[in-house]
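Input: a single structure, listed below in structure tokens.
The values are calculated or read from the model by the stated rules, or taken from the named source; none is laboratory data. This is a predicted model, so every value here is computed, not measured. Here the Cβ positions follow ideal geometry from the backbone for every residue, glycine too, while neighbour counts run over all protein chains shown. These area figures cover heavy atoms from the full protein model, side chains too; ligands, DNA and RNA do not enter into them. Shrake-Rupley method; radii C 1.70, N 1.55, O 1.52, S 1.80 Å.
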Amino acid sequence: MMATTPQTERIIGSDGFQLHPADEAAMRAEAHHYEQPQAASIEALKIVQRRHGWVPDEAIAAIARVLGIGPGEVEGVATFYSLIFRQPVGRHVVLVCDSSSCFLTGFDELKQALVRELGIDYGETTTDNRFTLLPVCCLGACDGAPALMIDDDTYGPVAADDLPGLLEAYP
């Protein structure tokens, strides 16, 4: 272990991954809201993802140490939630809803137009690292189907002709 002080020992995992002190403090504060520290896992993962853009494998043990739980418990949460990214993603993540409502109202055309416009398929990132394209089972936007989400912004109904303007807003 690379620990030199008690504070450093808290934030450096055995694999050398170091949490930002502000992130560690935020995780500890979040854990105080719950009776069981496992309940803070999703927020702790989101804290790491906000700083790094994704959750590296090495962060799992560091999060577990802060929360005082096993790495397997954190890993289970990280692999369950589809919006916790376990590999690097582009600056902007495009989620295409493939729910029943979207499927029935033009999902396939929208997906194919995105593939053409971005030059990538699901799970891929553009060569300029600008966009990552991913499916999502529901955006809760059935009244605007077909729908997609770019970062935290939901759009729908979206037609293929809308894509150039939408994507242009995300440099």
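Numbers at a glance
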item	result
Of all accessible heavy-atom area on the chain, the percent that carbon and sulfur account for (1.4 Å)	52 percent
Surrounding net charge for PHE103, when Lys and Arg each add one and Asp and Glu each subtract one, Cβ distance under 13 Å	-2
Long-range HN-HN contacts of VAL93 with modeled amide H, under 5 Å	THR132, ASP151
Given charges at beta-carbon only (K, R positive; D, E negative), |dipole| of the chain in Debye	460 debye
Accessible area (Å², per residue) of region 6-78, counting only protein heavy atoms and a probe of 1.4 Å	50 Å²
Under 14 Å, Cβ to Cβ, from CYS137 - net charge with Lys/Arg +1 and Asp/Glu -1	0
In order through region 138-152: 3J(HN,Hα) via Karplus (6.51 cos²θ - 1.76 cosθ + 1.60), integer Hz, x for Gly, Pro	6, 9, x, 10, 4, 6, x, 6, x, 10, 8, 10, 10, 6, 9
Three-way shape label, region 6-78, alpha-carbon gyration tensor, a/c 1.5	rounded
Contour minus Cα-Cα distance for SER100 and LEU166 (0.36 nm per residue)	21.4 nm
Sum of side-chain charges, GLN49 neighbourhood, beta-carbon under 12 Å (Lys, Arg +1; Asp, Glu -1)	+2
Label-point separation, ALA29 to PHE80 (7 Å along Cα→Cβ), nm	2.6 nm
By accessible area with a 1.4 Å probe, ligands and nucleic acids excluded, highest first: order of ARG86, ARG116, ARG91	ARG116, ARG91, ARG86
Ellipsoid semi-axes in whole angstrom, largest first, where each is sqrt(5λ) of the Cα gyration tensor of region 92-168	19, 12, 11
Approximate spin-label separation ARG130-ASP57, in nm, with each point projected 7 Å along Cα-to-Cβ	3.2 nm
